[in-house]
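Undergrad: The structure's right below; bear with me while I get my questions together.
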Amino acid sequence: MSDVRVGQVQRLRDITAEQLAAYPSRAIGVLGVAGGNGLDLINPESTDVVYGYDINADYLAACEARYRDGLGHRLHLVETSIDRSVTIERVDLLIANLIIEYVGAEEFAAFAAANAGSIGVLSCVIQRNDAAGFVSSTDYASSFDALASVSSDIDPETLDSVMSDAGFAVLGRCEYPLPNGKTLIRQDFRAT
Ligand SMILES: C[S@@+](CC[C@H](N)C(=O)[O-])C[C@H]1O[C@@H](n2cnc3c(N)ncnc32)[C@H](O)[C@@H]1O
């Protein structure tokens, strides 16, 4: 993996640490969990259950191999496509880092609305391309095989708007510039 991509993985891991610290939770869900970047930051002593959702069974198998020992019976990995038809288990914190690009803002908001009663805080990370026309060959997010979905940039204002329409209040936003002309944007929401 290139240095730039490793840096993006590390940055996302750092953001996951911030999400977990901001909202101490006994039940945690991760949408687009992939190989489980950051799951090692979850303290098993203070956590009852961790749900990881992904469309790709191979990524879930890697996640299982890496984190079953550390999280034990708390870890539940679910192979599914995230869309409005999915029902998730109740969680205090639902993390959705670099998955909305694959699902689409409207469909993601419909998913959130359908599951509003099961979500305490929803903390999302999207990626903004600040260098117009620049396609990075070292982009961590676009390196994933999303099995049929295509990744496309999400506008943070649009996400706020569709989430508001879905009944979620904005809790805050943070920006994290990357060295490859992109910026990771974290947006947190709570069901109203
Ligand atoms: C960029 S990766 C996520 C990175 C990870 N969250 C992290 O923090 O490092 C995107 C993940 O979303 C998954 N994915 C894409 N479309 C999906 C969908 N419709 N439903 C569920 N998972 C999906 C992909 O298989 C991939 O594992």
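The values are calculated or read from the model by the stated rules, or taken from the named source; none is laboratory data. Please read all numbers here as calculations on a predicted model, not as lab measurements. Neighbour counts are summed over all protein chains in view; Cβ atoms, including those assigned to glycine, are modelled from backbone coordinates with ideal geometry.
Undergrad: Among the residues of the stretch 95-102, is there at least one that is away from the ligand (no atom under 14 Å from the Cβ) and not in a helix (DSSP H, G or I)?
TA: For the stretch 95-102, residues away from the ligand (no atom under 14 Å from the Cβ) and not in a helix (DSSP H, G or I): absent.
Undergrad: Determine whether the stretch 2-10 contains at least one residue that is crowded, with 16+ Cβ neighbours inside 10 Å and not in a helix (DSSP H, G or I).
TA: Scanning the stretch 2-10, I find no residue that is crowded, with 16+ Cβ neighbours inside 10 Å and not in a helix (DSSP H, G or I), so the answer is no.
Undergrad: If you don't mind, another one. In the stretch 143-192, how many are aliphatic (A, V, I, L, M), buried (at least 17 other Cβ atoms within 10 Å of the Cβ) and part of a loop (DSSP other than H, G, I, E, B)?
TA: 4
Undergrad: Please go through the stretch 46-75 and pick out each residue that is within 17 Å of ALA96 (Cβ to Cβ) and either assigned to a strand (DSSP E or B) or aromatic (Phe, Trp, Tyr) (or both).
TA: VAL50, TYR51, GLY52, TYR53, ASP54, TYR59
Undergrad: Got at least one residue in the stretch 104-118 being in contact with a helix residue (DSSP H, G or I) (Cβ under 9 Å, 6 or more places away or on another chain) and farther than 16 Å from VAL162 by Cα?
TA: no
Undergrad: Which one is nearest to ASP188 (Cα to Cα) among residues in the stretch 25-36 that are touching a residue at least 60 places away in the same chain (Cβ under 8 Å) and assigned to a loop (DSSP other than H, G, I, E, B)?
TA: SER25
Undergrad: Tally time: how many residues in the stretch 156-192 are modelled with pLDDT of 95 or more, among the hydroxyl-bearing types (Ser, Thr, Tyr) and more than 16 Å from ASN97 (Cα to Cα)?
TA: Total meeting the criteria: 3.
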